[in-house]
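Data block below; observations after.
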Amino acid sequence: MPTRPRFPPRSARPPPSRDEDTGATLVVPSELKWTENPGRPGAWEAVVEGDPKTGPSHLFLKYAKNFEGGSHHHSSDHGGYVLSGTVLITVDGKETPLPAGSFFWIKGGKVHSVRCEEECIQAIEVCGKWDAIPDPAMKSPSAK
């Protein structure tokens with residue numbers, strides 16, 4: 001059974017994206033500030049700690065009904081939990097449905113795709129910069 005990756009120590013992470021560092025970051029759903037990803041129509045994110053453009057962070061991802069993310073990879077290791085809906089993740093050609101309550105972890109550079117038949121929300125931890133790099137070897141969903 002694979003071991004859980006070791007995350008950078010708190011001292012190596014960027015400060016929380018809150019007004020004051022009290023040693024705890026507590027966020028309720030009504031406080032989430034969703035922003036649409038212009039490069040991925042139907043995808044929104046809400047950052048709760050760190051700066052995903054530059055380093056480790058925690059964020060929520062929300063995908064619209066019938067979202068298809070296409071094959072891609074990220075520079076950094078990342079993973080998290082499905083909070084609502086069922087996320088369909090394809091890795092190594094095998095699609096796995098992850099219903100609410102499921103956990104996943106994907107190493108940086110590992111090509112995968114994500115889709116949702118209904119709206120899906122995930123809580124994500126990213127160990128470095130957050131990016132999505134399309135896989136040129138695969139057709140995008142719009143090229144079908």
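Simple point charges give the picture: +1 on the Cβ of Lys and Arg, -1 on the Cβ of Asp and Glu, and for segment 40-110 a dipole about the Cα centre of about 120 debye. Only aspartates and glutamates eight or more places from Lys110 in sequence, or on another chain, were considered; those with a Cα closer than 15 Å are Asp77, Asp92, Glu95, Asp131, Asp135.
Taken along its principal axes, the alpha carbon cloud of segment 35-136 reaches lengths of 31, 26, 26 Å, longest axis first.
Sorting the segments 36-49, 97-110, 119-132 by their residues' average number of neighbouring beta-carbon atoms within 10 angstrom, most packed first, yields 119-132, 36-49, 97-110.
No value in this document is a laboratory result; all are computed from the given coordinates. Computed from a predicted structure; not experimentally measured. Virtual Cβ from ideal backbone geometry, glycine too; neighbours counted across all protein chains shown.
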